[in-house]
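Below: the structure, in structure tokens.
Please treat every number below as a calculation from the coordinates, not as lab data. These numbers come from a predicted model, not from an experiment. Every residue, glycine as well, gets a Cβ built from its backbone with ideal geometry; the counts of neighbours run over all protein chains shown.
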Amino acid sequence: MNDDGTVNRGALPAIFNPEDLNALEMALGIKDRFGGRVTVVTMGLPAAGAILRDALYRGADDAILITDARCAASDTLATSYILSCAVKKLDYDIVLCGRQAIDGDTAQVGPQLAEKLGIPQMTYIEQLIEIKDRTITIQRNVGNGWQQVKTKLPVLLTVTADANEPRIAAAKRLMKYKNAIAPVELEQKLKAENPNAAEGEIKELATRKCSELENKGLLIKQWNLDFLGADLKWCGRNGSPTKVHRIQSVVLAAKESKTIEPTDDGLSDMIHELIEDKIIA
Amino acid sequence: MIDVNRQGEVWVFAEQHKGKLEDTPLELMSKGRHLANILGVKLGALLLGSRVKSLTDKLRHYGADKVYLAEHPLLEHYQTNSYAKVIYDLIHKYKPQIVLYGATTAGRDLAPRIASAAKAGLTADCTDLQIGDHKPAGDNQIHKNLLFQIRPAFGGNIIATIINYDRWPQMATVREGVMPMPTPDLMRKGQVIEEKITLSQSDLPVEIIAEHTRPKKVNLKAARIIVAGGAGVGSKDNFRLIWDLANCLGAAPAATRAAVDLGYIDHDHQVGQTGTTVRPSLYIAVGISGAIQHQAGMSQSQKIVAINNDPEAPILQIAHYKIIGDLNIVVPKMIKTIKEKGIKEDTVAAGHK
């Protein structure tokens, strides 16, 4: 945890959020059936480059890393704003998100991103039915049942774990993209490899390597808030209306507690007591 | 963006489907009433639909001072864009200080869309709401009487209290079943404010083409006794122990998220933050370690019995009766004892289907 009660993401490994894998699978499935290109976008620390490589192994055509210290402490509203700036730079018909992340479980970024893009949203998707004449039909889980809905593209979808089984990395793609890297990762790597080199030398080396990688299609695009033209008022801590008041480690304790021996007599006494207290009839 | 409005009301989104109010907004009325009383403001219910005026009485009986009624043929079915537009306009017009939504599928689809449009904060899946003061670090200004939005958070045993002091309204979705259902007061009076709504087909970009209701396999909220199994039960076959113990007590069988993810039992039986929140007379936790997300869904039970072979399992800290032992030995012994006591078996439980 950081002092302000936000999560210290640097201390955590970057993982592919499980339902984002279902969203990627749905995107790849759409590409297989109807054509198109799949671009994967993530906002995170440089370590999130690993997630983008994973997406490339599985079949994504393009990968974009949004990384900028000014993104730190973004709540869902600021995150959706930053993502909307990135998506607006792309040519898209369908934006897919996992239903929710396993850290916060909020399920808020998808709908907020749809609102910022001014497009309809379809949440809790459990099945893609068809896309025809630029109209998409899906089945969504509505808690006590399902609903089939359709709309014209463009649209934002949030995908649940029930929608599909994510494909695994393809060996050929793994061989091809294992060297794919984002500039920030490359700089870190070069610094580690050349501990005595001056800052300027590293930069120069990185620039040269980046253009080599770009020519081979192995450079992960890296965007910062300046490139996105994002209004800093809506980013990071400033752009986040929700703040953490406090974090408590909670140990709930029963007021009266007794230990019961796992024997016939112990259990019999307990059940007798529960009957006496009219807890069981 | 809406500024702080100390005179603003407390609102509850009164979600209804096919002319029937959902449980969660009714549960929220008790908490909303409590918050409005502390703040000295009115409690408003937001009712959207087509020909739903008859529901306004019920909302007043459950605690609303005012019911904002938005009726329009295009509001007959819940749809994200049309509902978000109407509620956003009402928020803009009346500037409530707090807006609460049930964390239902519709609530979780709708609230973030409104929060984004209003550029306001939103906290998901709260388990408690309180009023309190906040002083930001390095700032001498104290923000008084804020909505404390309380929920279990990140990776385990922590509870976060979230606040939103500058960009209002303060909004939260609240888990189903975490607030007690208020007792309706049939004599309670209140005001109905009929809003004039303008909508066109372009506000409904999504078309509903088919719907199907899956009845829940079990009603955990109504169960007096619940027997729940966790990953510690070990296998789907072994989960029969949970069913057997539940059956001989006339109890409902339940499970943790881990047990559901392992395929031991259907998701309808899941108790916890992402399942059902329950408050039975007796909760028997078998092979459940007791992650905070699970505890959030059952800690309000009147009596808790925990059976676990790990004496350090967190569940034991909230149990009234701790049984440290092998569930494969303890549960059959319990079944035998219960049968000897002649406890009447009944069919309250969902039982095997």
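What pairs can you find where one residue is in region B:257-271 and part of a loop (DSSP other than H, G, I, E, B), the other is of a type in the set (G, A, S), and their Cβ atoms are less than 7 Å apart, with a gap of 6+ or different chains?
Short answer, once both residue conditions are applied: B:L262/B:A231; B:Y264/B:G229; B:Y264/B:A255; B:I265/B:A255; B:I265/B:A259.
How many of the residues in region A:120-135 are at the interface with chain B (Cβ under 8 Å from one of its Cβ atoms) and either at negative phi or part of a helix (DSSP H, G or I) (or both)?
So the count comes out to 4.
Take the residues in region A:143-165 that are of a type in the set (S, T, N, Q) and within 7 Å of another protein chain (Cβ to nearest Cβ), then tell me which one is farthest from A:E19 (Cα to Cα).
Residues of region A:143-165 of a type in the set (S, T, N, Q): A:144, A:147-148, A:151, A:158, A:160, A:164.
Still in the running and within 7 Å of another protein chain (Cβ to nearest Cβ): A:144, A:147-148, A:151.
Numbers: A:N144: 21, A:Q147: 20, A:Q148: 20, A:T151: 23 Å.
Result: A:T151.
Conditions: (1) in contact with a strand residue (DSSP E or B) (Cβ under 8 Å, 6 or more places away or on another chain); (2) outside any helix (DSSP H, G or I); (3) surrounded by fewer than 23 Cβ atoms within 10 Å (Cβ to Cβ). A:A63 meets all but one. Number of the miss?
Exception for A:A63: condition (3).
Which condition number in (1) under 24 Å from the mean Cα position of the chain (by Cα); (2) among the aliphatic types (A, V, I, L, M); (3) within 8 Å of chain A (Cβ to nearest Cβ) is the one that B:V206 fails?
Going through (1) under 24 Å from the mean Cα position of the chain (by Cα); (2) among the aliphatic types (A, V, I, L, M); (3) within 8 Å of chain A (Cβ to nearest Cβ) one by one, B:V206 breaks only (1).
Could you please tell me which pairs satisfy a Cβ distance under 7 Å, a separation of 6+ or placement on different chains, a first residue in region B:33-57 that is more than 20 Å from B:K189 (Cβ to Cβ), and a second residue that is of a type in the set (G, A, S)?
B:L48/B:A70
For region A:181-206, which residues satisfy the criterion of being of a type in the set (D, E, K, R) and surrounded by fewer than 19 Cβ atoms within 10 Å (Cβ to Cβ)?
If the condition is that a residue be of a type in the set (D, E, K, R) and surrounded by fewer than 19 Cβ atoms within 10 Å (Cβ to Cβ), then A:K189, A:K191, A:E193, A:E199, A:E201, A:K203, A:E204 are the ones that fit.
Looking only at region B:78-85, decide whether some residue is charged (D, E, K, R), over 12 Å from B:G49 (Cβ atoms) and over 22 Å from the mean Cα position of the chain (by Cα).
Yes, that holds for at least one residue.
Inspect region B:103-110 for any residue being charged (D, E, K, R) and either surrounded by 23 or more Cβ atoms within 10 Å (Cβ to Cβ) or facing another protein chain (nearest Cβ under 9 Å) (or both) and give the result as yes or no.
Scanning region B:103-110, I find at least one residue that is charged (D, E, K, R) and either surrounded by 23 or more Cβ atoms within 10 Å (Cβ to Cβ) or facing another protein chain (nearest Cβ under 9 Å) (or both), so the answer is yes.
On the basis of being without any contact (Cβ under 8 Å) to a residue 60 or more places away in the chain, more than 12 Å from chain B (Cβ to nearest Cβ), assigned to a helix (DSSP H, G or I) and surrounded by 17 or more Cβ atoms within 10 Å (Cβ to Cβ), does A:K209 make the cut?
Values: without any contact (Cβ under 8 Å) to a residue 60 or more places away in the chain: yes; more than 12 Å from chain B (Cβ to nearest Cβ): yes; assigned to a helix (DSSP H, G or I): yes; surrounded by 17 or more Cβ atoms within 10 Å (Cβ to Cβ): yes.
Yes.
With within 14 Å of chain B (Cβ to nearest Cβ), hydrophobic (A, V, I, L, M, F, W, C), under 30 Å from B:L147 (Cβ atoms) and over 22 Å from the mean Cα position of the chain (by Cα) as the only criterion, which of A:I260, A:I247, A:I275, A:I280 stands out?
Exactly one residue qualifies, and that residue is A:I247.
Only one of (1) among the aromatic types (F, W, Y); (2) part of a helix (DSSP H, G or I); (3) without any contact (Cβ under 8 Å) to a residue 60 or more places away in the chain fails for A:Y81. Which number is that?
Result: A:Y81 passes all but (3).
Taking the criterion of being in a loop (DSSP other than H, G, I, E, B), touching a residue at least 40 places away in the same chain (Cβ under 8 Å) and either within 14 Å of chain B (Cβ to nearest Cβ) or surrounded by fewer than 12 Cβ atoms within 10 Å (Cβ to Cβ) (or both), would at least one residue in region A:167-180 satisfy it?
Taking region A:167-180 and keeping what is in a loop (DSSP other than H, G, I, E, B), we get A:167-170, A:178-180.
Checking which are touching a residue at least 40 places away in the same chain (Cβ under 8 Å) leaves us with A:167-170, A:178, A:180.
Still in the list and also either within 14 Å of chain B (Cβ to nearest Cβ) or surrounded by fewer than 12 Cβ atoms within 10 Å (Cβ to Cβ) (or both): A:168.
Checked region A:167-180: at least one residue is in a loop (DSSP other than H, G, I, E, B), touching a residue at least 40 places away in the same chain (Cβ under 8 Å) and either within 14 Å of chain B (Cβ to nearest Cβ) or surrounded by fewer than 12 Cβ atoms within 10 Å (Cβ to Cβ) (or both).
Quickly run through region B:121-138 and pick out the residues that are more than 21 Å from B:R279 (Cα to Cα), more than 10 Å from every other protein chain (Cβ to nearest Cβ) and in a strand (DSSP E or B).
Matches in region B:121-138: B:I131 only.
Output the qualifying pairs, or none if there are none: Cβ atoms under 6 angstrom, residues six or more apart or on different chains, first residue in region B:304-333 and more than 20 Å from A:S268 (Cα to Cα), second residue outside any helix (DSSP H, G or I) and hydroxyl-bearing (S, T, Y).
From region B:304-333, the pairs are B:A313/B:S289; B:I318/B:S299.
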